[in-house]
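The values are calculated or read from the model by the stated rules, or taken from the named source; none is laboratory data. If you're wondering where the values come from, they're calculated on a predicted model, not measured in any experiment. Neighbour counts run over all protein chains shown; Cβ positions are idealised from the backbone, glycine included.
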Amino acid sequence: MNSVEHVNDFIAELNTIVGDRPEQLLQYLYRIQYRYSFIPPQAVQLLAARLGVPVTAVQGVIEFYSFLHDTARGDFDILFSDSITDHMLGSHKLAHSLCERLGVRFGEPRSDGRVTVDLTSCTGMCDQGPAMLVNGWTVPRLDEARIEAIARLIETATPTDDWPAEFFAVEDNIQRRDLLLTSAISAGSALQALMNKGSQRILEELDQSALRGRGGAGFKTATKWRFCLEAEAQQRYVVCNADEGEPGTFKDRVLLNSYADDVFEGMTLCAGVIGASQGYLYLRGEYRYLLDPLQTALEHRRQAGLLGRNILGQDGFDFDIDIHMGAGAYICGEESSLIESLEGKRGIPRKRPPFPVTSGFRRQPTVVNNVETFMAAAQIAVHGADWFAAVGTGQSTGTKLLSISGDCTRPGIYEYPFGVSIRQILQDCGGGDAQAVQVAGAAGSTLPQRDFDRSIAFEDVASGGSFMVFNQQRELLDMVQNFAHFFAHESCGFCTPCRVGGTLLKDLVDKVHSGHGTEYDLQQMREIGALMRDTSHCGLGSTAPNPVLETLDKFPAIYQSRLRDSRYEPAFDLDAALQDARQISGRDQDAAHFEAES
């Protein structure tokens, strides 16, 4: 663990890299966390003074993000992925094995201050799990042998820099390529197309291609860019949403690893169209290992005249991209929450309207698009609208990248034309024994076998890219329980329906899962879920009850088989809660006991 004696010097050093704008607060905290394993109290005071923000604001940000802590975590801060697919691969057993070897309890630093072992949400490694993070670095493909080796490295205080390189090796694992992944463009070709055709023609081609956002919402890309262009502003911004936090999704990880140049090309193309001079890639904290390669890719583009001032020699075409690290907050995948985080604040969703295209980053017009969307836009600029629109369906043109994991023999990245059937995907990935497929992540749809002839398309089964397979032997209620806990943990806490409703749903699912549920509890689930859908402040709260409501309708047997009986059974045992009072008072007669009515 690094000494905190020189935290002032470290912050001064960071100032030359990060700057001193208040919006850089999270970037300071992220780096301090990984330097010291926590945010020392003196760092809070120093940052508040340097950035001109209240101490309470600094503390609020630390409390909001899962990867930031105000107490030391030790030389080795280990976080096992708590994704359902990691569970299915035995992550819990491996986590407990490591704890036993190290003599540590979950979530508690060991007495010598060397190590902490805990859980985190999906790490984006579902195709090569079980996975964990060690001081922010990804370690996939865990097994008992690797756990034993890691325990030895920790006990011998071996720095992660000296761990075997294969421990950190992450594969792209592309299983099927189609339009995007086989049509590479040369660096600068989309920008040259912009100069040759002009902004309006590029917008027309994007419109004719019918490209829609690949993050899940499916808003037309050309319309979004045009709205931003037409908004009056002193400055405009381009933001790439790479906060790939939806459980089961990992396609952006692959694109940023092997197709980063196409993504940056798309961002720069957008900047040229809307007149932006600054862009940001918001990279989820779980992808720390991608930061240095992405910085290198950006520097290569600057040296090639594809970023910076007068891009490709065009006077006034000035644009650059900075990388902003997230710090463990699923809610920041929502575009207004992402913008709040980009401004160095807690990722609380904004009230809309206004929308980011008119009032986004720094309250200026901002285009926020997904990684896959920017890549597709760059290729359309080069190959044309017809090339893209010729693939897919009438309402869903082009292709979709799917992150496939779970009970299949060939997990990984699959690119398909829109309109492909669920059944075809299962056949290709080796998931023929599926009883259910979870599409679009925890917030998406749970599809039974009778729906396997439906297709991936905006007009049928829409998806941001997650595709999880569950075979006949799986207990689907385990999946529901995992998702219920995920949403309760990831709620930003801003609105009551999500904050309270999510916790109530989690508790009710736990009650049914443990065999203590009743029909009354199932009715309560439906009512709470409906309330959350109708009244939550943002999309997280509105979609959080989906796994419960969908399985109640489509897989009722997984609940009915666990019910204790059809009568009401309180989740709170009042008589047991009074036991301490009886012991203190020395009264244990019949009158001191509570009997629930039968």
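Quick notes on this structure:
- Residues that are closer than 21 Å to F355 by Cα and assigned to a helix (DSSP H, G or I), drawn from the stretch 207-227: D207, T221, A222, T223, K224, W225, R226, F227
- Filter result for L255 (under 21 Å from the mean Cα position of the chain (by Cα), within 30 Å of I404 (Cβ to Cβ), assigned by TED's automatic domain parsing to the domain that holds H383 and not in a helix (DSSP H, G or I)): no
Results for (1) surrounded by fewer than 15 Cβ atoms within 10 Å (Cβ to Cβ); (2) touching a helix residue (DSSP H, G or I) at 6+ places or on another chain (Cβ under 9 Å), shown as yes or no for each residue.
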{"site": "E5", "(1), (2)": "yes, no"}
{"site": "N8", "(1), (2)": "yes, yes"}
{"site": "I11", "(1), (2)": "no, yes"}
{"site": "V18", "(1), (2)": "no, yes"}
{"site": "R21", "(1), (2)": "yes, yes"}
{"site": "Y36", "(1), (2)": "no, yes"}
{"site": "P40", "(1), (2)": "no, yes"}
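- Residue pairs meeting the criteria (Cβ under 6 Å; at least 6 apart or on separate chains; first of a type in the set (G, A, S) and outside any helix (DSSP H, G or I), in the stretch 525-539; second modelled with pLDDT of 95 or more and surrounded by fewer than 18 Cβ atoms within 10 Å (Cβ to Cβ)): S536/S542
- Apart from one condition, A381 fits all of (1) surrounded by fewer than 24 Cβ atoms within 10 Å (Cβ to Cβ); (2) more than 19 Å from N241 (Cα to Cα); the exception is (1).
- Failed item, numbered, when E340 is tested on (1) surrounded by fewer than 24 Cβ atoms within 10 Å (Cβ to Cβ); (2) within 24 Å of the chain's Cα centre (by Cα); (3) farther than 16 Å from C240 by Cα: (3)
- Annotation: V4 fulfils all but one of (1) farther than 22 Å from T156 by Cβ; (2) under 22 Å from the mean Cα position of the chain (by Cα); the unmet one is (2).
- Flag if V254 is buried (at least 22 other Cβ atoms within 10 Å of the Cβ), touching a Ser or Thr at 6+ places or on another chain (Cβ under 6 Å) and of a type in the set (V, I, T): no
- Filter result (in contact (Cβ under 8 Å) with a residue 40 or more places away in the chain and either touching a His at 6+ places or on another chain (Cβ under 8 Å) or within 26 Å of I348 (Cα to Cα) (or both)) within the stretch 506-524: D507
- Restricting G279, G266, G248 to those that are in a loop (DSSP other than H, G, I, E, B) and under 25 Å from G347 (Cβ atoms) reduces the list to G248.
- Selection of the stretch 283-328 for residues being hydrophobic (A, V, I, L, M, F, W, C) and outside any loop (DSSP other than H, G, I, E, B) yields L283, L290, L291, L294, A297, L298, I311, L312, F319, I321, I323, M325.
- The listed residue being closer than 23 Å to I348 by Cα, touching a His at 6+ places or on another chain (Cβ under 7 Å) and not small (G, A, S), out of F486, F494: F494
- Residue within the stretch 491-510 that is of a type in the set (S, T, Y), under 24 Å from P556 (Cα atoms), crowded, with 20+ Cβ neighbours inside 10 Å and under 19 Å from the mean Cα position of the chain (by Cα) present: no
- Across the stretch 309-366, the number of residues qualifying as among the hydroxyl-bearing types (S, T, Y) and touching a Gly at 6+ places or on another chain (Cβ under 6 Å) comes to 4.
- Any chance L89 is crowded, with 19+ Cβ neighbours inside 10 Å and closer than 30 Å to L256 by Cβ: yes
- Residues that are in a helix (DSSP H, G or I) and either charged (D, E, K, R) or touching a Lys or Arg at 6+ places or on another chain (Cβ under 9 Å) (or both) were ranked within the stretch 540-549; the one that is modelled with the lowest pLDDT is G541.
- Among residues of the stretch 228-245, those that are surrounded by 18 or more Cβ atoms within 10 Å (Cβ to Cβ), out of contact with any strand residue (DSSP E or B) (no Cβ under 6 Å at 6 or more places or on another chain) and not in a loop (DSSP other than H, G, I, E, B), counted: 1
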